[in-house]
Amino acid sequence: MIRAIVIAAGLLMLWQGVVSLSGTPPYILPGPALVAEALWQSSHLILPHAATTLAEILLGLGIGTLFGAAAALSLSWSARVRPWLLPVLVISQAVPVFALAPVLVLWLGYGMASKVAMAALIIFFPVTAAMFDGLRRTDPLFIDCARTLGAGRLDLLLHVRLPAALPAFASGLRVATAVAPIGAVVGEWVGSSSGLGYLMLHANARLQIDLMFAALFTLSILALSLYYGVDVLLRAAMPWQAGEARPAADTAYN
């Protein structure tokens, strides 16, 4: 907590220093005080848009994680599915999100569905790639021991491969959580009637730069809170990995 406060204070001081020393006008880069004032005065406007964006991110995160885990399991389970599914994964990353956003808005409308779909698409690949890598890198000794005890293919998956893949899955989910806001905000920029992306776009068009930065600050807080919330849940779900590795000098005699 103290570290986060120190980092935040340092960034604010650096921001204010850049604004003061460079003489940048407020309509290009407002100072922290102006942004804080806009955040306070426009909180009644920012909070509903923040709630919309948060809902889009959470729904996209859930759907993208579900489909990503299912795709990883399909890739690991069947070698016949792999040649068909891998090109889809590559295409999902090769096409820029800005190119997909107008298509999704056209298909799903200006409501929440297109933004959720955009967030899910961005989340899908990190979860799939990380979990598939974890599944296929299961220690062969564990698999051999399970087979010696008579475990079938499904038993191997449920009791050996999946538990062994959890750390890799957790890493992919952390990455997915960090990039999830991108999909929602890009979708709001292309076409929407609410959300922080929508608010930033219209504030910029009206030269309300302090309001735009206030919305951006709110989005940053949402993203950080979501990331650390997911990290806490993952650490609680995997207590054997919750602690940081201790230095060799501390563990040499234990």
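Solvent-free Debye calculation, one equal scatterer per alpha-carbon of segment 34-142: log10 I(q)/I(0) at 0.13 Å⁻¹ equals -0.63. Net charge of the neighbourhood of residue 168, taken over other residues with C-beta under 12 Å away and scored Lys/Arg +1, Asp/Glu -1, is +3.
Length available on full extension from residue 36 to residue 178: 0.36 nm per residue minus the Cα-Cα distance, which gives 48.7 nm. Between 0 and 90 degrees, the angle of helix 112-136 with respect to the longest Cα principal axis of the chain falls at about 40 degrees. Put the Cα centre of segment 171-197 next to the Cα centre of segment 1-60 and the gap is 18 Å. If R0 equals 51 Å, the separation of the Cβ atoms of residue 156 and residue 27 corresponds to a calculated FRET efficiency of about 0.25.
With contacts taken as Cα pairs under 8 Å and at least 6 residues apart, segment 134-204 reaches a relative contact order of 26 percent.
In percent, rounded to a whole number, the relative contact order of the chain is 25, using alpha-carbon pairs under 8 Å and six or more apart. The angle between the Cα long axis of helix 32-41 and the longest principal axis of the Cα atoms of the chain comes to about 90 degrees, rounded to the nearest 10.
Of the listed peptides 95-101, 175-181, 30-36, what is their order by residue-averaged count of other C-beta atoms within 10 Å, with the highest listed first?
On the way: 95-101: 14.1, 175-181: 21.4, 30-36: 17.9.
Top of the packing list down: 175-181, 30-36, 95-101.
When the Cα atoms of segment 75-138 are aligned to their principal axes, the ranges along those axes come out at 43, 18, 17 Å in descending order. The Cβ shell under 9 Å around residue 75 holds other residues with a net charge of +2, Lys and Arg each +1, Asp and Glu each -1. Note down the net charge around residue 61, summing +1 for each Lys or Arg and -1 for each Asp or Glu among other residues with Cβ under 13 Å from its Cβ. Every neighbour counted, the sum reads +1. Here the chain is treated with +1 on each Lys and Arg Cβ and -1 on each Asp and Glu Cβ, and its dipole about the Cα centre works out to around 580 debye.
Here the chain is treated as a sphere whose radius is the Kirkwood value from Cα pairs; by Stokes-Einstein at 25 °C and 0.890 mPa s it diffuses with a coefficient of 117 µm²/s.
Need one number: the % of Cα-Cα pairs in segment 114-166 sitting beyond the 14 Å mark. Taking all Cα-Cα pairs of segment 114-166, the fraction more than 14 Å apart is 58 percent.
Rule-based calculations on the coordinates, nothing more; no lab input. These figures come from a predicted structure and were not determined experimentally. Every residue, glycine as well, gets a Cβ built from its backbone with ideal geometry; the counts of neighbours run over all protein chains shown.
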